[in-house]
Amino acid sequence: MKKFFLILALMLLMPLNALGTDNIVPQYVSIEHTNTLGLYQAPSEIVLYKEPSETSNIVHSISWIGAKIFPESVKAENLFVVFIPSKNLGLLAVTDETEDWVEVIYNNSAGSKGWIKKDDPYRFSTWVMFYNMYGRKYGLNLLKEAPAEAKDLHVSTDDKSQIVATINMPQKINLNVIRGNWALVSVMDIDRTPKTGYVRWRSDNGVKYYFPDIK
């Protein structure tokens, strides 16, 4: 019994981020850094170069595992677009790509960028690949402050096409397929009436209105 209370006391004294509770997944529409190609799954040791060459200057070096990030001055919300410490999953926004390198944003507040040498070609996902992978698995989340028209379900991938329904208070948004900036979704709304149609998951300028509801 004493051992149990000792463990409990230690857990209560631990910082929350050490317990892996501070998941980061976009919840609000953002107009910053919209001109990106996709996401890169960060390795545990992130070495950032000024140019896509190992002879170039190193602009930053960051190591992380779970909720522990070094140097401690680096904040997860500035580094990652998606951060699930319990799964050791940290995703960085990609702004450029070559065969062997990706340019990523490593400080979302300042917009600071650096190049990472790919150690695995499957770490990089275009936005469409990312949505197909995680959106189909977890469904989509309608981001807060999305424009009213983002809730309209269309019969086709055209802003002028017929609107067949409107999303009000969705219980679940299932992703069926991505076609350009449109997504074919099946929605169970609060009135328990199933709805199916195309929604704009992002604008022509890359502003996202929906995001995979990663858990």
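Tyr40 passes all but one of (1) over 27 Å from the mean Cα position of the chain (by Cα); (2) aromatic (Phe, Trp, Tyr); (3) at pLDDT 50 or above; which number fails?
Tallying (1) over 27 Å from the mean Cα position of the chain (by Cα); (2) aromatic (Phe, Trp, Tyr); (3) at pLDDT 50 or above, Tyr40 fails exactly one: (1).
Which ones in segment 150-160 are under 16 Å from Tyr28 (Cβ atoms) and either open to solvent by 40 Å² or more (accessible area, probe 1.4 Å) or part of a loop (DSSP other than H, G, I, E, B) (or both)? Reasoning before the result, please.
Narrowing segment 150-160 to residues under 16 Å from Tyr28 (Cβ atoms): 150-151.
Scanning segment 150-160 gives a single hit, Lys151.
Can you name the condition, by its number, that Asn168 falls short on among (1) open to solvent by 40 Å² or more (accessible area, probe 1.4 Å); (2) at pLDDT 95 or above?
(2)
For segment 134-149, how many residues meet the condition of being open to solvent by 50 Å² or more (accessible area, probe 1.4 Å), touching a residue at least 24 places away in the same chain (Cβ under 8 Å) and over 15 Å from Gln27 (Cα atoms)? Even if it seems obvious, please write down each step before you answer.
Residues of segment 134-149 that are open to solvent by 50 Å² or more (accessible area, probe 1.4 Å), as a first pass: 136-137, 144-145, 148-149.
Adding the requirement that they be touching a residue at least 24 places away in the same chain (Cβ under 8 Å) leaves 136-137, 144-145, 149.
Subsequent filtering for residues that are over 15 Å from Gln27 (Cα atoms) retains 136-137, 149.
Residues flagged as open to solvent by 50 Å² or more (accessible area, probe 1.4 Å), touching a residue at least 24 places away in the same chain (Cβ under 8 Å) and over 15 Å from Gln27 (Cα atoms) within segment 134-149 amount to 3.
Only residues that are touching a helix residue (DSSP H, G or I) at 6+ places or on another chain (Cβ under 7 Å), of a type in the set (A, V, I, L, M) and assigned to a loop (DSSP other than H, G, I, E, B): list them for segment 35-93, please.
Ala67 - this is the single residue of segment 35-93 that is touching a helix residue (DSSP H, G or I) at 6+ places or on another chain (Cβ under 7 Å), of a type in the set (A, V, I, L, M) and assigned to a loop (DSSP other than H, G, I, E, B).
With the checklist (1) in contact with a Gly (Cβ under 8 Å, 6 or more places away or on another chain); (2) over 30 Å from Ile58 (Cα atoms); (3) open to solvent by 40 Å² or more (accessible area, probe 1.4 Å) in hand, flag the one item Asp191 doesn't pass.
For Asp191, the failing item is (1).
Looking at segment 94-116, which of the residues that are among the small types (Gly, Ala, Ser) and either touching a Lys or Arg at 6+ places or on another chain (Cβ under 9 Å) or within 13 Å of Thr34 (Cα to Cα) (or both) is surrounded by the most Cβ atoms within 10 Å (Cβ to Cβ)?
In this case the residue turns out to be Gly114.
Residues being aliphatic (A, V, I, L, M) and either surrounded by fewer than 20 Cβ atoms within 10 Å (Cβ to Cβ) or at positive phi (or both): count how many of those fall in segment 80-93.
In the first step, residues of segment 80-93 are kept if they are aliphatic (A, V, I, L, M); the result is 81-82, 84, 89, 91-93.
Now drop any that are not either surrounded by fewer than 20 Cβ atoms within 10 Å (Cβ to Cβ) or at positive phi (or both), which leaves 84, 89.
Counting residues in segment 80-93 that are aliphatic (A, V, I, L, M) and either surrounded by fewer than 20 Cβ atoms within 10 Å (Cβ to Cβ) or at positive phi (or both) gives 2.
Count, please, the residues in segment 118-128 that happen to be in contact (Cβ under 8 Å) with a residue 40 or more places away in the chain and surrounded by 14 or more Cβ atoms within 10 Å (Cβ to Cβ).
Selection size over segment 118-128: 6.
How many residues, within segment 176-211, are in contact with a strand residue (DSSP E or B) (Cβ under 8 Å, 6 or more places away or on another chain), modelled with pLDDT under 95 and of a type in the set (A, V, I, L, M, F, W, C)?
Looking only at that region, the number is 1.
Which members of segment 49-98 meet the condition of being in contact with a Pro (Cβ under 9 Å, 6 or more places away or on another chain) and among the acidic types (Asp, Glu)?
Passing the criteria: only Asp96.
The values are calculated or read from the model by the stated rules, or taken from the named source; none is laboratory data. Computed from a predicted structure; not experimentally measured. So basically every Cβ, Gly included, is an ideal-geometry build from the backbone, and we count neighbours across all protein chains shown. Side chains are part of the model used for accessible areas, which takes the heavy atoms of the whole protein and leaves out ligands, DNA and RNA. Shrake-Rupley method; radii C 1.70, N 1.55, O 1.52, S 1.80 Å.
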